[in-house]
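Below you'll find the structure, written out as structure tokens, and then a few comments.
All of the numbers you see were taken from the coordinates with simple rules; none came from a lab. Fair warning: this is a prediction, and the values are worked out from it, not measured in the lab. Methodologically, a virtual Cβ is constructed for each residue, glycine included, from the backbone with ideal geometry; neighbour enumeration extends over all protein chains shown.
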Amino acid sequence: MYTEILPIDEKSLRLAKKIIDGGGAVAFPTETVYGLGANAFDNKAVEDIFKIKGRPNDNPLIVHVHKDYDLTGLVSDIPEYAKALAKTYLPGPLTMVFKSSGRVCSSVSCGLDTLAVRVPSHSGAQQFLKCLDLPIAAPSANVSKHVSPVTAEHVYADLKGRIELILDGGKCSGGIESTVLDCTGKKPQILRSGLITREMIEKVAGSCDEYVLKEGERVLSPGMKYKHYSPSCRTMLFSFCDKNKAVEEYNKNRAQNVNAYILCDEITAESINVNHILNLGKTGEQIASNLYEKLREGERCAELIIAIAPEKQDGVMKGVMNRLIKACGN
Ligand code: TXA
Ligand code: MG
């Protein structure tokens, strides 16, 4: 299959609609990462998404809709706090999990009685969703477990020959996936941290829980149990206070002719004397935005990525740390 990358305009959107209506999948940009979308009412199209990505079939998908789409047909029991959060943060990088009304096909939620919904703010995503006027089931557009894509070229590198069309909307500004928030309880509960932080949720909803997986417990968000976001080269992760050990490891590997790189934020980069650095930038937002691009750059140029965790781990950095641990942890 020939894979085309096209800018988002009337012509490419017409082609996208033809593919989706015919039961196929199209990659499209969002403000977080690129998604691989299919019609959420079409069971076969959704099942194909799992096959294209090599995704385990117990890891449910998020349904994406445009900002004027009436969600009440898809989900029920929307609590007041969720309405307030939606009013404040949507369109944007917040996915909300509600009780499903059972209208979208069961393979989207992998048999769960809930449905995750998201209204992306990226203008290209909105154009794509508006032109289809359907709920679009979309995981990130990478091969399962690999680093999520933040450019059309990243999608191409993973899915070339497996899909017909990649809509190119430039580099995703957010850089890590949306916050997944369970809205089926009395209080919201964060299942996956992201760009909408706990502090931001608490400001609107009063309080909020954070899901921590305990030994032997059923996983609420199945995606959390998998190794994820991993570059194809070897990786190591050091905490900030062990940054000198990371540099020792780098020097040891370089001395043995191993092409090692240090992945760290700009302030750490300035404090160590190392030539080969994958620089994530300064602020939490910059670091989130650059993380996947630098991990992909790393797997192209390095044999070993030695990551040093940033010193501050609050706000957006919580989501970054979660991805870093899954990408570079043991
Ligand atoms: O930013 C994003 O969320 C991106 C873009 C493309 O929108 N999408 C994304 O999808 O990250 P994916 O499939 O890579 O991750 C979906 C996450 C998984 O952790 C999955 O377990 C969780 O959402 N999820 C989906 N449906 C769920 C449900 N009904 N209940 C609990 N967790 C759910
Ligand atoms: Mg993913």
field: When the convex hull of its Cα atoms is projected in every direction, mean area for region 240-279 (nm²)
entry: 2.5 nm²
message: For region 80-158, take every pair of Cα atoms, bin their distances at 5 Å starting from 0, and report each bin as a whole percent.
response: 3, 12, 17, 20, 25, 15, 6, 1, 0
task: Over the residues of region 1-133, compute the C-alpha Rg and express it relative to 2.2 N^0.38 Å.
output: 1.04
- prompt: Which pairs, out of LYS87/LYS318; LYS18/LYS44; LYS18/LYS51, put more than 18 Å between their alpha-carbon atoms?
  reply: LYS87/LYS318; LYS18/LYS51
statement: Over the Cα atoms of region 42-117 the radius of gyration and the largest Cα-Cα distance (Dmax), both in Å, equal 13.1, 38
- line: With the charge dipole of the chain built from beta-carbon charges (+1 for Lys and Arg, -1 for Asp and Glu) about the Cα centre, the Cα from VAL155, SER109, ILE20 projecting farthest to the positive end belongs to SER109
- line: Proxy exposure order for THR72, THR179, THR283, THR151 (fewest C-beta within 10 Å first) is THR72, THR283, THR151, THR179
- prompt: Using alpha carbons only, how many degrees (0 to 90, rounded to 10) separate the axis of helix 80-89 from the longest principal axis of the chain?
  reply: 60 degrees
query: Among bridges DSSP assigns within the chain, what percent are antiparallel (round to 5)?
result: 40 percent
task: In a Gaussian network model over the chain where Cα atoms closer than 10 Å are linked, find which of LYS99, LYS145, LYS252 has the largest mean-square fluctuation.
output: LYS252
Among GLN127, SER144, THR72 the positive-end extreme of the charge dipole of region 24-161 (Cβ point charges): SER144
query: Once the Cα atoms of helix 316-328 and of the chain are each reduced to a long axis, what angle between those two axes, in degrees from 0 to 90 to the nearest 10, is obtained?
result: 70 degrees
field: Gyration tensor over alpha-carbon atoms, the chain, equivalent ellipsoid semi-axes in Å
entry: 33, 24, 17
- line: The convex hull of the Cα atoms of region 100-259, divided by residue count, gives a volume in Å³ per residue of 195 Å³
query: In this model, which of LYS83/LYS130; LYS252/LYS294; LYS171/LYS203; LYS99/LYS145; LYS145/LYS245 are farther than 24 Å apart at the alpha-carbon?
result: LYS171/LYS203; LYS99/LYS145; LYS145/LYS245
- line: GNM on the chain, Cα springs under 10 Å; top mean-square fluctuation among HIS276, HIS64, HIS228 goes to HIS276
message: Suppose every Lys and Arg Cβ carries +1 and every Asp and Glu Cβ carries -1, with no other charges. What dipole size does the chain come out with about its Cα centre, to the nearest 20 debye?
response: 380 debye
message: Can you give the log10 of the normalised intensity I(q)/I(0) at q = 0.28, 0.32 Å⁻¹, computed with Debye over equal Cα scatterers of region 72-112?
response: -1.02, -1.10
